[in-house]
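Peer 1: Sharing a structure with you now.
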Amino acid sequence: MSEPSDYGFAGEPCMNRGPYEKPDDGHALQAVPPSGTSDVEPRRTRVTAMRPPSLQRRALLLIRDVVIRAQLFMLRRMLGMDIGKDVRISLRAKLDFANPRGVHIGDGSYVAFDSVIFAHDLSRHMHADTYVGRNCFIGAHAIIMPGIRVGDYCIVGSGAVVTRDVPSGSIVAGNPAKIIRSGVKTIKGGILEDRYAEALARINQRENKSE
């Protein structure tokens, strides 16, 4: 499967909701499926192909990409944050400068605008290591509290407040964040693998019809 050329599905994590209960260990999040079902069924949405950007927009995107790369260089080399390969961080995302070496982001993850990743808590006079796994999507305005570990292939919905560890392959949303879907697989940028494959198939189908 080819890698996506752009990152999308910003509103995807907040579509599916179901009943939940607190885990017995009081730490990692756990999902409880509705009675009589084995999992929370996703609600399908229509995905359309994006139009090619204009020349002016391409120029702006190129400039933005250069600025983002410069930002990543600063975060890695000057502040000492542990940021993996192919990570995209919005210019408006807020990473913890009070304890930058406590921020760990895995390969291929995407951190959207106005999201916050904490690695310290002044009220508790503590520094902690906060982890975001590989191929994760951290939605806009989401907050990850200090000392939290978000596993690989996870999606954190927009506005979620993550106060407990998130198992790999989970979608979480809400305040406090709760698991709304488990067993998912994402590709680079935190895009759901099955949804990307469906969108790609539709694009190819349209192209074949137009020939």
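Peer 1: Filter the range 175-202 down to the residues that are over 18 Å from residue 89 (Cα atoms), in contact (Cβ under 8 Å) with a residue 60 or more places away in the chain and part of a loop (DSSP other than H, G, I, E, B) and list them by number.
Peer 2: 177, 183 - these are the residues of the range 175-202 that are over 18 Å from residue 89 (Cα atoms), in contact (Cβ under 8 Å) with a residue 60 or more places away in the chain and part of a loop (DSSP other than H, G, I, E, B).
Peer 1: Now, a different point. Looking at this structure, is residue 77 of a type outside the set (Ser, Thr, Tyr), closer than 27 Å to residue 64 by Cβ and not in a loop (DSSP other than H, G, I, E, B)? Walk me through it before giving the result.
Peer 2: Numbers: of a type outside the set (Ser, Thr, Tyr): yes; closer than 27 Å to residue 64 by Cβ: yes; not in a loop (DSSP other than H, G, I, E, B): yes.
Criteria met by residue 77.
Peer 1: Hey, another quick one. What single numbered condition from (1) on the phi > 0 side of the Ramachandran plot; (2) at pLDDT 95 or above fails to hold for residue 109?
Peer 2: Just one mismatch for residue 109, condition (1).
Peer 1: So, in the range 197-211, how many residues would count as being charged (D, E, K, R) and farther than 24 Å from residue 185 by Cα?
Peer 2: Count: 4.
Peer 1: If you don't mind, another one. Residues that are polar (S, T, N, Q) and in a helix (DSSP H, G or I): does the range 103-112 have at least one?
Peer 2: No, the range 103-112 contains no residue that is polar (S, T, N, Q) and in a helix (DSSP H, G or I).
Peer 1: Select from the range 87-105 the residues that are of a type in the set (A, V, I, L, M, F, W, C) and either over 20 Å from residue 159 (Cα atoms) or in contact with a His (Cβ under 6 Å, 6 or more places away or on another chain) (or both) and write down the one among them that is surrounded by the most Cβ atoms within 10 Å (Cβ to Cβ). Don't jump to the end; show me each part of the working.
Peer 2: Residues of the range 87-105 of a type in the set (A, V, I, L, M, F, W, C): 87, 89, 91, 93, 95, 97-98, 103, 105.
Still in the running and either over 20 Å from residue 159 (Cα atoms) or in contact with a His (Cβ under 6 Å, 6 or more places away or on another chain) (or both): 87, 97-98.
Details: 87: 23, 97: 12, 98: 12.
Step by step, filter the range 87-105, then rank; the result is 87.
Peer 1: Hey, another quick one. Which of the residues that make up the range 177-211 are surrounded by 15 or more Cβ atoms within 10 Å (Cβ to Cβ) and among the hydrophobic types (A, V, I, L, M, F, W, C)?
Peer 2: Passing the criteria: 177, 179, 180, 184, 187, 191, 192, 199, 200.
Each row is one residue, and each column tells you yes or no for (1) over 20 Å from residue 72 (Cα atoms); (2) of a type in the set (Gly, Ala, Ser).
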residue: 114; (1), (2): no, no
residue: 118; (1), (2): no, no
residue: 137; (1), (2): no, no
residue: 159; (1), (2): yes, yes
residue: 162; (1), (2): yes, no
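Peer 1: State all residues of the range 136-189 that are within 16 Å of residue 106 (Cα to Cα) and aliphatic (A, V, I, L, M); if no residue qualifies, say none.
Peer 2: Looking only at the range 136-189, we keep the residues that are within 16 Å of residue 106 (Cα to Cα), and these are 136-139, 144, 147-156, 165-170, 185-189.
Correct list: 138, 144, 148, 150, 155, 156, 166, 187.
Peer 1: Mind counting the residues in the range 136-172 that are in contact (Cβ under 8 Å) with a residue 24 or more places away in the chain and either crowded, with 23+ Cβ neighbours inside 10 Å or acidic (Asp, Glu) (or both)?
Peer 2: Qualifying residue count, the range 136-172: 18.
Peer 1: Condition check: over 24 Å from residue 168 (Cα atoms) and either in contact with a Lys or Arg (Cβ under 6 Å, 6 or more places away or on another chain) or at pLDDT below 90 (or both). Does residue 80 satisfy that? Let's see the steps before the verdict.
Peer 2: Values: over 24 Å from residue 168 (Cα atoms): yes; either in contact with a Lys or Arg (Cβ under 6 Å, 6 or more places away or on another chain) or at pLDDT below 90 (or both): yes.
Against the criterion (over 24 Å from residue 168 (Cα atoms) and either in contact with a Lys or Arg (Cβ under 6 Å, 6 or more places away or on another chain) or at pLDDT below 90 (or both)), residue 80 qualifies.
The values are calculated or read from the model by the stated rules, or taken from the named source; none is laboratory data. Not measured: the values here are computed from a predicted model. We place every Cβ from the backbone using ideal geometry, glycine too, and count neighbours over all the protein chains shown.
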